[in-house]
1. Looking at region 34-138, which chymotrypsin sites (Phe, Trp or Tyr not before Pro) are DSSP coil and have at most 11 other C-beta atoms within 10 Å of their C-beta?
2. Between H264 and A200, what length comes free when the chain is fully extended (0.36 nm per residue of separation minus the Cα-Cα distance, one decimal in nm)?
3. For region 91-160, which trypsin sites (Lys or Arg not before Pro) are both in a DSSP coil and crowded by at most 10 other Cβ atoms within 10 Å?
4. For V159, V103, what's the fewest-to-most ordering of other Cβ within 10 Å of each Cβ?
5. What is the diffusion coefficient of region 126-174 in µm²/s, taking the Kirkwood radius over Cα pairs and the Stokes-Einstein relation at 37 °C with a viscosity of 0.692 mPa s?
6. Between M1 and R130, what length in nm is gained on full extension when 0.36 nm per residue of separation is reduced by their alpha carbon distance?
7. Inverting the mean 1/r over all pairs of different Cα atoms, compute the Kirkwood radius of the chain and quote it in Å.
8. What is the ratio of the Cα radius of gyration of region 115-209 to 2.2 N^0.38 Å, with N the residue count, to two decimals?
Amino acid sequence: MAIVVIRQDDRIDLWKNALQNAHNGIKVYSFLEDHPKEDITMAVIWKHPKGSLAKYPNLQCIASAGAGVDYIFEDDTRPKNIPITRIVDPYLASDMSEHVLAVILAHLKNLNSYKLDQMANVWVPKDYLRIKDVTVGILGLGELGALTARDLVSFNFNVQGWSRSKKEIEGVKTFYGPQGQQDFLSATDILVCLLPLTPATKGILNKELLSQLPKNAFVINVARGGHLVDEDLIALLDSDHLSGACLDVYHTEPLPATHPFWNHRKVHMTPHYASVSDTNSVIPQIIENYNRLGSAEKLQNLVDSDKGY
Ligand code: GLV
């Protein structure tokens, strides 16, 4: 039994060492080093190179190092008959909720446009909004969406939420299914996308959906770049239907230098960092699943392959 860590960013050694230090005697390899492929029973991965999972004949579990698993389903060469797990972690949820709160407050108080004014030596006080003036609508009420909704309620925001199937959250007006979407959108001033990316939600933030928001609505996408049709967002910002957007995720990351978002005055960007797995916090659940694999017990935080999340 051994673990391979597969990711293409600069956090590969951090993950390898953290896993190794968490469990005496565990064998952990980086996919970049020489390693015995037949010993590998668990792959701990984040945006792996397509095809890399097919090299392990005895793989028993694919463990996503993040909450999202969309990138795993995009790899047709992955072994399809083994469990996929994802991270469910209080920090991943609270970091997201804090990020969304910060973005909403910055929007209400015009902080981004004051920064632009400052760079241009401009002094123009602007009207601001109060928490009571706006309704925040959260698309997706999974772990992250539900906590974000509850936290916004505790800040006295009017909060509503939409999900595929019916959900109830205290203090949140909830809508579900295609029939609930129109009422949800028409009453949403600030839309927060926290949906999983699946074939059903790909491109959901398109002209048709975004046009149903009231004029001057603000859009926050902290889910996946694939949810958004970039040119539809730009068209609605340019026609002044939408007042702005704050994006953390993109179709291609890092966002290519020529992409129009970079210089759009109504688009505020962060580099996919709203909520990132903290190794100290999430490694114990991966080790727990590694131990469960060893004793053939049911794994935690299993992904439903039919739903894709
Ligand atoms: C981050 O985007 C994650 O899915 O954990």
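1. On the way: sites: W46, Y71, F73, Y91, Y114, W123, Y128; in loops: W123, Y128.
Sparse-neighbourhood loop chymotrypsin sites (Phe, Trp or Tyr not before Pro): W123, Y128.
2. Numbers: separation 64, 0.36 × 64 = 23.04 nm, distance 2.87 nm.
Gain on extension, H264 to A200, equals 20.2 nm.
3. Numbers: sites: K109, K115, K126, R130, K132, R150; in loops: K109, K126, R130.
Listed in order of number, the matching sites are K126, R130.
4. Numbers: V159 26, V103 23.
Going from least to most buried by this count: V103, V159.
5. Values: Rh = 11.1 Å.
In µm²/s, the coefficient rounds to 296.
6. Values: separation 129, 0.36 × 129 = 46.44 nm, distance 5.59 nm.
Residue separation times 0.36 nm, minus the Cα-Cα distance, leaves 40.9 nm.
7. Working: mean 1/r = 0.0480 Å⁻¹.
It is 20.8 Å.
8. Numbers: Rg = 15.9 Å, N = 95, 2.2 N^0.38 = 12.4 Å.
In units of the globular-protein estimate, region 115-209 measures up at 1.28.
A short reminder: the numbers here are calculations on the coordinates, not readings from a lab. Model, not experiment: these values are computed from the prediction. Cβ atoms come from the backbone with ideal geometry, glycine included; neighbour counts cover every protein chain shown.
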